[in-house]
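Okay, so here's the structure we're looking at.
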Amino acid sequence: MATWSNWSGGVRCAPDRVVRPSSEEEVASIVAIAARAGHGVRPVGAGHSFSPLGATDGVVVDVGGLTGV
């Protein structure tokens, strides 16, 4: 099972998957697959939020590998 936590460890979750796309096409595919499976999608960056913005039991999308706008 996948796990995710913010930088301090104060926010944790056990999502279905944690994915790290490197292209816009990969993001689109991840969102489409999650939607078909009925899973929510949460994008996360550095995980510096103290609130549970990235916490989900669906799919965590780590956008650290993406560049540009």
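The values are calculated or read from the model by the stated rules, or taken from the named source; none is laboratory data. As the structure is a computational prediction, the values presented were derived from the model and not from experiment. Note that we place each Cβ from the backbone using ideal geometry, even for glycine, and neighbour counts take in every protein chain shown. With ligands, DNA and RNA removed, areas are computed over all heavy atoms of the protein, side chains included. Shrake-Rupley method; radii C 1.70, N 1.55, O 1.52, S 1.80 Å.
Tabulated results
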item	result
Search result, residues across the range 18-43 that are of a type outside the set (S, T, N, Q), in contact with a helix residue (DSSP H, G or I) (Cβ under 8 Å, 6 or more places away or on another chain) and open to solvent by 70 Å² or more (accessible area, probe 1.4 Å)	Arg20, Pro43
Those residues of the range 24-49 which are modelled with pLDDT of 95 or more and hydroxyl-bearing (Ser, Thr, Tyr), in sequence order	Ser29
Residue count, the range 52-66 (criterion: more than 8 Å from the chain's Cα centre (by Cα) and open to solvent by 50 Å² or more (accessible area, probe 1.4 Å))	5
Pair list, Cβ < 9 Å and 6+ apart or interchain, from the range 22-39 residues that are part of a loop (DSSP other than H, G, I, E, B) to residues that are of a type in the set (A, V, I, L, M) and at pLDDT 95 or above	His39/Ile33; His39/Val59
